[in-house]
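Report on the structure given below.
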Amino acid sequence: MINFRFRHFLSGSAPFIPGAAAILLAIAIVAAPEASFKASLTGLSLWWTLVFPALLPFLILSEMLSASGFVHGIGVLLEPLMKRWFRLPGAGGWTLVLGLTAGFPAGAGGVMQLYKQGAITDKEAGRLAAIVHYASPVTLLIVVGTAFLHSPAAGYALLAIHWLSGLATGMLSACFSSSRKIVSPIPQGSDTRHTGSRSRAKKASLPRRIHQAAADARSRDGRGFGKVLGESVSSAVQNLMIVGGYMIMFAVVVSIITRLFPGLPNLVTASLLEIHLGARSMTSAATDHEGFILGGLLGPALLSAGLAWSGICAQLQALTVLKTANVRFLPFTAVRLLHGLFAFAFTLLLWTPLLNLQAAVLPVIAASPPADLPQIGTSLRIWALAPQILGLQTLLVMLLLALSAAVKLLTSNRRPSG
């Protein structure tokens, strides 16, 4: 009875919580306007000098690839991996690629597109959104690795651990999901001819299925190249403006919490709330970047866990995009916490071997000179690394395709012949 009343109280007071939080935030800003102004400038500077120029070209590219149908064709090849390992419809394969290669803004947007098309249900949207929520490779390689740690080798190690721990998290979370057979839902408004074509598509050869998926995606989009380019730029800039607004707001929140609780370390508050501010706080706390990377495993492990957790700010951004899909906050956050635990453990196991491997195989990258990105020419230096990042993302897609092919081969061999 008490539990029922408590839940009823929470459901009734939920609409007033954002307003009360806004009032408290306004009071805190008025009480200390100078500190709040400096904190907002810190968030604005970090977003404008690093995050915006680093993510803009890749968000534009991911939007254009999605409209072209290319990623939908890749999704056909990833169907065995999605169905067997993650227990999700094969259509989510291209969303996994988007999340891994473009980060959580693109991943959440891809999940929302699938939900609007009727390819996934509410529960599947929540699970898929949780396992495709990755930090952008640009963030880990350029912002954290090159700008904060002055070590591209450390950025590559963080990225490899981030991807491995995320895939492990998705597999483990699938074990707790319902074990019912995945059946791709038919979008509302489709007729029997569409259903028949879908059944015939399943019997078609693999190249034909890939071509059909890409052609269907282009047909549903229906935009010309010029319109796709213009709207991709507009959408990418709009998404990054939302990211910037969140970063500025949470920079002020971090400053307020630090003032109210002076005994609480700033890096703990920043890491819990915002991914970029948390990474900068962790790396700036170390007086020697080389000592942070090579001195011990605890610092890199905590940094890796914070990047996997991604901060409440990034989680709220993804949930804002997925609002109409009714994605719940607590299950989503639980998967983020599990990702952080996996990343912490994987860093303890793989950090030193990965650095040694890069020093032996990639001596130019591992020994590259420090880069002071927040100075003049930041955008040029960031975009100069674009070919390397695109090559890395291509390599990741090839590895996922090989893994999906291996899963398909193993599962087909297990099927009874009669």
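The values are calculated or read from the model by the stated rules, or taken from the named source; none is laboratory data. All of these numbers come straight from a predicted model, not from anything done at the bench. In this analysis, Cβ positions are derived from the backbone assuming ideal geometry, glycine residues included, and neighbour counts consider all displayed protein chains. These area figures cover heavy atoms from the full protein model, side chains too; ligands, DNA and RNA do not enter into them. Shrake-Rupley method; radii C 1.70, N 1.55, O 1.52, S 1.80 Å.
Remarks
- Among (1) buried (at least 24 other Cβ atoms within 10 Å of the Cβ); (2) at pLDDT 85 or above - the single one VAL143 does not satisfy: (2)
- Complete set of residues in the range 318-335 that are open to solvent by less than 20 Å² (accessible area, probe 1.4 Å) and more than 22 Å from PHE346 (Cα to Cα): ALA318, LEU322, ALA325
- All of GLY291, GLY263, GLY296 fail the test of being out of contact with any Gly (no Cβ under 8 Å at 6 or more places or on another chain), at pLDDT below 85 and closer than 15 Å to PHE344 by Cα, apart from GLY296.
- Residue count for the range 146-160, restricted to those that are small (Gly, Ala, Ser), at pLDDT 90 or above and either open to solvent by less than 10 Å² (accessible area, probe 1.4 Å) or not in a helix (DSSP H, G or I) (or both): 1
- Residue list for the range 30-58, filter: hydroxyl-bearing (Ser, Thr, Tyr) and surrounded by fewer than 19 Cβ atoms within 10 Å (Cβ to Cβ): SER40, THR42, SER45, THR49
- Within the option set ARG208, ARG223, ARG193, being at pLDDT 80 or above, part of a helix (DSSP H, G or I) and open to solvent by 60 Å² or more (accessible area, probe 1.4 Å) holds for one residue only, ARG208.
- The range 386-403 - residue that is within 17 Å of the chain's Cα centre (by Cα), hydrophobic (A, V, I, L, M, F, W, C) and open to solvent by less than 40 Å² (accessible area, probe 1.4 Å) and, of those, modelled with the lowest pLDDT: ILE389
- Within the range 320-356, being of a type outside the set (Gly, Ala, Ser) and free of Cβ contacts under 8 Å to residues at least 40 places away in the same chain holds for LYS323, PHE329, LEU330, THR333, LEU337, LEU341, LEU349, PRO353, ASN356.
- Failed condition for GLY278, given (1) among the small types (Gly, Ala, Ser); (2) modelled with pLDDT under 85; (3) surrounded by 21 or more Cβ atoms within 10 Å (Cβ to Cβ): (2)
- The selection criterion, being open to solvent by less than 70 Å² (accessible area, probe 1.4 Å) and without any contact (Cβ under 8 Å) to a residue 60 or more places away in the chain, does not hold for GLY263.
- All conditions but one from (1) over 12 Å from the mean Cα position of the chain (by Cα); (2) open to solvent by 10 Å² or more (accessible area, probe 1.4 Å) apply to TRP163; the one that does not is (1).
- When ILE382 is tested against the conditions (1) buried (at least 16 other Cβ atoms within 10 Å of the Cβ); (2) modelled with pLDDT of 85 or more; (3) assigned to a helix (DSSP H, G or I), the lone failure is (2).
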